[in-house]
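Encoded as structure tokens, the structure appears first; notes follow it.
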Amino acid sequence: MPDSSRPTRFRRLLRLLAQPVTYTRWLRLCVPAGAIALWGVFAPRYLYLIGVLAVPVGLIPAVRVGKGLQAQVLLVPDERGRPDATIAAAPATTWQERWRTVLGLEARLILAAVALTA
């Protein structure tokens with residue numbers, strides 16, 4: 001690898017670290033860490049239950065609205081409230097959307113747990 005590409009890659013990395021969206025993405029992934037931490041204080045023996053409870057909660061259609069609004073505020077604040085926003089903030093209307101919400105909740109819980117233990 002030529003040495004001339006290293007400064008370019010380093011500048012690109014610094015540019016990415018200087019963008020606010022980098023930190024809001026991390027914050028969005030770590031929001032469930034608060035729930036995990038609180039659950040761990042009050043019921044540390046049953047920490048796995050937070051992942052189990054995320055399934056029925058994620059099946060509620062209105063949960064997708066909350067997830068969508070949080071994602072819009074943290075990731076694309078300029079698009080909040082627009083009908084053509086890249087991130088939807090509407091209730092889940094199909095079972096596929098509900099299960100996708102559950103999958104997203106579970107993934108965020110796993111990533112938050114990894115971040116807490118790292």
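The values are calculated or read from the model by the stated rules, or taken from the named source; none is laboratory data. This is a predicted model, so every value here is computed, not measured. When we count neighbours, we look across all protein chains shown, and the Cβ atoms used for this are built from the backbone with ideal geometry, even at glycine. Areas reflect the complete protein model, heavy atoms only, side chains present, ligands, DNA and RNA absent. Shrake-Rupley method; radii C 1.70, N 1.55, O 1.52, S 1.80 Å.
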Take segment 79-118 and flag every residue that is of a type in the set (Phe, Trp, Tyr) and surrounded by 14 or more Cβ atoms within 10 Å (Cβ to Cβ).
Trp99
I need the full set of residues from segment 61-97 which are among the β-branched types (Val, Ile, Thr) and either out of contact with any helix residue (DSSP H, G or I) (no Cβ under 8 Å at 6 or more places or on another chain) or part of a helix (DSSP H, G or I) (or both), in order please.
Val63, Val65, Val73, Val76, Thr94
Between a residue in segment 73-88 that is acidic (Asp, Glu) and any residue that is open to solvent by 80 Å² or more (accessible area, probe 1.4 Å), which pairs come within a Cβ distance under 7 Å, given they are 6 or more apart or on different chains?
Glu79/Thr86
Please verify whether segment 10-19 includes one or more residues that are surrounded by 12 or more Cβ atoms within 10 Å (Cβ to Cβ) and either assigned to a helix (DSSP H, G or I) or under 12 Å from the mean Cα position of the chain (by Cα) (or both).
no
Within segment 56-76, can you find the residues that are surrounded by 14 or more Cβ atoms within 10 Å (Cβ to Cβ) and hydrophobic (A, V, I, L, M, F, W, C)?
Leu59, Ile60, Val63, Val65, Leu69, Ala71, Val73, Leu74, Leu75, Val76
Conditions (1) free of Cβ contacts under 8 Å to residues at least 24 places away in the same chain; (2) under 22 Å from Arg25 (Cα atoms) -> Arg108 fails only (1)
May I ask you to verify whether Leu53 is modelled with pLDDT of 90 or more, more than 17 Å from Gly34 (Cα to Cα), of a type outside the set (Lys, Arg) and part of a helix (DSSP H, G or I)?
no
Residues in segment 35-44: is at least one at pLDDT 85 or above, within 30 Å of Thr117 (Cβ to Cβ) and not hydrophobic (A, V, I, L, M, F, W, C)?
yes
Examine segment 110-118 for a residue that is outside any helix (DSSP H, G or I) and either acidic (Asp, Glu) or out of contact with any Leu (no Cβ under 6 Å at 6 or more places or on another chain) (or both), and state whether such a residue exists.
yes
